[in-house]
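The values are calculated or read from the model by the stated rules, or taken from the named source; none is laboratory data. This is a predicted model, so every value here is computed, not measured. Positions of Cβ are generated from backbone atoms using ideal geometry, with glycine treated the same way; all protein chains shown enter the neighbour counts.
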Amino acid sequence: MKIKYFSDTDTALVEFSDRKVAETKEINENIYIDLDTSGNLVAMTIEHARKQASLPHLSYEQIEKESPNKSLKRDAAKSRRAS
């Protein structure tokens, strides 16, 4: 995924893949999405991006999926401490 910001036009382009764009849909007057031939999201364009998307506060966080055993062990430990 790539995020590009064009300060001269205050436009953000979020690219999710490098697939060829088959269709662009207008979500509202400031947001457009690009789709491939299968309807998968390729990119999103945000006009007036500083106002629409709070770009100065951009962050990224990857959340890892816990295995069921870890979750059960953690819940059991919490139950023992609460008793």
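Which of the residues that make up region 1-57 are at pLDDT 95 or above, among the aromatic types (Phe, Trp, Tyr) and assigned to a strand (DSSP E or B)?
Tyr32
Residues checked against (1) without any contact (Cβ under 8 Å) to a residue 60 or more places away in the chain; (2) within 14 Å of the chain's Cα centre (by Cα); (3) surrounded by 10 or more Cβ atoms within 10 Å (Cβ to Cβ):
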site	(1), (2), (3)
Lys4	yes, yes, yes
Ser7	yes, no, no
Ser17	yes, yes, yes
Thr24	yes, no, yes
Asn28	yes, no, no
Tyr32	yes, no, yes
Ile46	yes, yes, yes
Arg50	yes, no, yes
Leu58	yes, yes, yes
